[in-house]
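None of the figures in this text is laboratory data; all of them are computed from the coordinates on show. Just so it is clear, the model here is predicted, and its values are computed rather than measured. Cβ coordinates were reconstructed from backbone atoms using ideal geometry, including for glycine residues, and neighbour counts include every protein chain displayed.
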Amino acid sequence: MTTQLFHADTDEQIAATFDVMQQLRPHLERPQYGALIRGLMASDGLRLLALADGGVVRAVATYRIMNMLYCGRLMYIDDLVADEQSRSRGYGAQLIARLKEEAKALGCTELQLVSRVTREQAHRFYFREGFGIECFHFRARVE
């Protein structure tokens, strides 16, 4: 494999992640994507990690560093997705390994993510990568 892991920071790099990200977040629209990512980078410290193979983005993750009273400093993974045509090639595991390295280097005590209960295939992957279910995530719409 000729894989390359990189932080998507330029407009061109961010745009190159859209097709893969949209598989996880189908509501996203290409014309607004770059500005949305840039806005989250500016306001929330979001980072966008991409994995390319043969020059084509095959997997992406967004994350941010947070400090919480109950656990201290953590890396929160907002999104993690491998291209549906490229799954089971180790791309997701490479992203997780890199995220763990970065979390440790940034002084984080843990990684966290939320995954919808319907995403059973993703859950099997997370279990293999050392994640466990520790709590319920409650959500309420504010109208």
Checklist outcome for this item: Within region 1-27, residues in a helix (DSSP H, G or I) and either in contact (Cβ under 8 Å) with a residue 12 or more places away in the chain or under 13 Å from the mean Cα position of the chain (by Cα) (or both) come out as Asp11, Gln13, Ile14, Ala15, Ala16, Phe18, Asp19, Val20, Met21, Gln22, Gln23, Leu24
Checklist entry - Within the bounds of region 75-87, is there any residue that is surrounded by 10 or more Cβ atoms within 10 Å (Cβ to Cβ), aromatic (Phe, Trp, Tyr) and more than 26 Å from Thr2 (Cβ to Cβ)? => result yes
Next on the checklist: Please go through region 28-54 and give me each residue that is more than 16 Å from Leu99 (Cα to Cα) and touching a residue at least 12 places away in the same chain (Cβ under 8 Å), ordered by number.
Outcome noted: Arg30, Tyr33, Gly34, Ile37, Arg38, Leu40, Asp44, Asp53, Gly54
Checklist entry - Which of the following residues is in contact (Cβ under 8 Å) with a residue 40 or more places away in the chain and within 26 Å of Thr17 (Cα to Cα): Leu99, Leu113, Leu74? => result Leu99
Checklist outcome for this item: Checked against (1) part of a strand (DSSP E or B); (2) within 14 Å of the chain's Cα centre (by Cα); (3) farther than 19 Å from Arg25 by Cβ; (4) of a type in the set (A, V, I, L, M, F, W, C), Ala93 satisfies every condition except (1)
